[in-house]
Amino acid sequence: MRRGNIFWGLFLVFLGVLFFLQARGIITNVFSFIFPLALILIGGWIILGVFWKPDLSDDDTFSFSLQSAKSVRYEFSHGAGQIQINGGAPAGKAIVGSSAVGMNTQSRMDGDRLTVEIGAGPSIIPFIGPSSGVWRYQITQEVPVTLEINAGASSLDVDLQDVLATRIECSTGASSVKLTMPARGVSLLDAEAGAASFNIRVPAGVAGRIRFEGGLNNIDVDTNRFPKVDSGFYQSPDFDSATNRAEINFEGGLGSVTVK
């Protein structure tokens, strides 16, 4: 059973009790109690969530079939919370992920490309978000994919090492981001962030070209793998000829970036 069902069930029970007491003449105005009641329930639910982390059941997940798609575009939009994205979707599935109150999911075929859109609110609110407290998504490794990720105050863990991701667009606010680039093929990351911390890993055997723009507080690049060519510009010596290579363009405000 989802946490949202329990929360709203309790709210309706207590609300019914208040209306009963008003009908009996014990209280005069039920509406003056609604706001305090909501605060009590939300506070108690947050405390309960610290100790109660039920496992996801089949009712807590969703999936979309890959159908006949030759490629997939994912569009993730999250207000806040912990988000994990990685490969490993079962054969024939474009995505398998967390499902909860307050999210919207849809997919559509455009020719031979499948577009999957995922929108979700902040999981820090007790009745909005998955029961585990973490939005988890497994995406296909069968066909090339592109990703657009928009997140607010989030903790992002994106592992695309085994995914055929050709382009990743990531825009975040005050977030912490851990991102692993694909180990195969040619990939491009365009990242834009506010007061964020980015930790980007380029798998061994993958050449890299990295460009930085903006007022970042700290830039830490493994210059043994990616020598500095110019101000804000790093590149592997074999980048242009490498079969497996990753291009990273980063634009940020007050934040830090690590590329290893």
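A few remarks follow.
- Criterion (at pLDDT 75 or above and outside any loop (DSSP other than H, G, I, E, B)) met by exactly one of Gln67, Gln84: Gln84
- Hey, Arg245 closer than 16 Å to Ala165 by Cα and either in contact with a helix residue (DSSP H, G or I) (Cβ under 6 Å, 6 or more places away or on another chain) or not assigned by TED's automatic domain parsing to the domain that holds Ala165 (or both) or not: yes
- Looking across Ile219, Ile149, one residue alone is closer than 27 Å to Lys70 by Cβ and touching a residue at least 12 places away in the same chain (Cβ under 8 Å). It is Ile149.
- Condition met for Ser155 (at pLDDT below 95 and either in a loop (DSSP other than H, G, I, E, B) or more than 22 Å from Gly81 (Cβ to Cβ) (or both)): no
- Total residues in segment 236-250, condition surrounded by 14 or more Cβ atoms within 10 Å (Cβ to Cβ) and either over 26 Å from the mean Cα position of the chain (by Cα) or without any contact (Cβ under 8 Å) to a residue 40 or more places away in the chain (or both): 3
- Residue selected from segment 210-233 under the condition closer than 21 Å to Val186 by Cα and in contact with a Ser or Thr (Cβ under 7 Å, 6 or more places away or on another chain), by the criterion surrounded by the most Cβ atoms within 10 Å (Cβ to Cβ): Phe226
- Verdict on Leu56 being touching a Lys or Arg at 6+ places or on another chain (Cβ under 9 Å), at pLDDT below 85 and aliphatic (A, V, I, L, M): yes
- Test: residue in segment 183-199 that is in contact with a Pro (Cβ under 7 Å, 6 or more places away or on another chain) and modelled with pLDDT of 95 or more: yes
- Considering residues of segment 94-112 that are in a strand (DSSP E or B) and crowded, with 17+ Cβ neighbours inside 10 Å only, the residue modelled with the lowest pLDDT: Met103
- In segment 172-200, residue farthest from the chain's Cα centre (by Cα) [restricted to those that are assigned to a strand (DSSP E or B) and surrounded by fewer than 18 Cβ atoms within 10 Å (Cβ to Cβ)]: Val186
- Residue count for segment 152-171 satisfying the condition of being free of Cβ contacts under 8 Å to residues at least 24 places away in the same chain and surrounded by fewer than 22 Cβ atoms within 10 Å (Cβ to Cβ): 5.
- Residue check for Gly214: at positive phi, in contact with a Gly (Cβ under 7 Å, 6 or more places away or on another chain) and of a type outside the set (A, V, I, L, M, F, W, C): yes
The values are calculated or read from the model by the stated rules, or taken from the named source; none is laboratory data. Please read these numbers as outputs of a predicted model, since none were measured by experiment. Neighbour counts run over all protein chains shown; Cβ positions are idealised from the backbone, glycine included.
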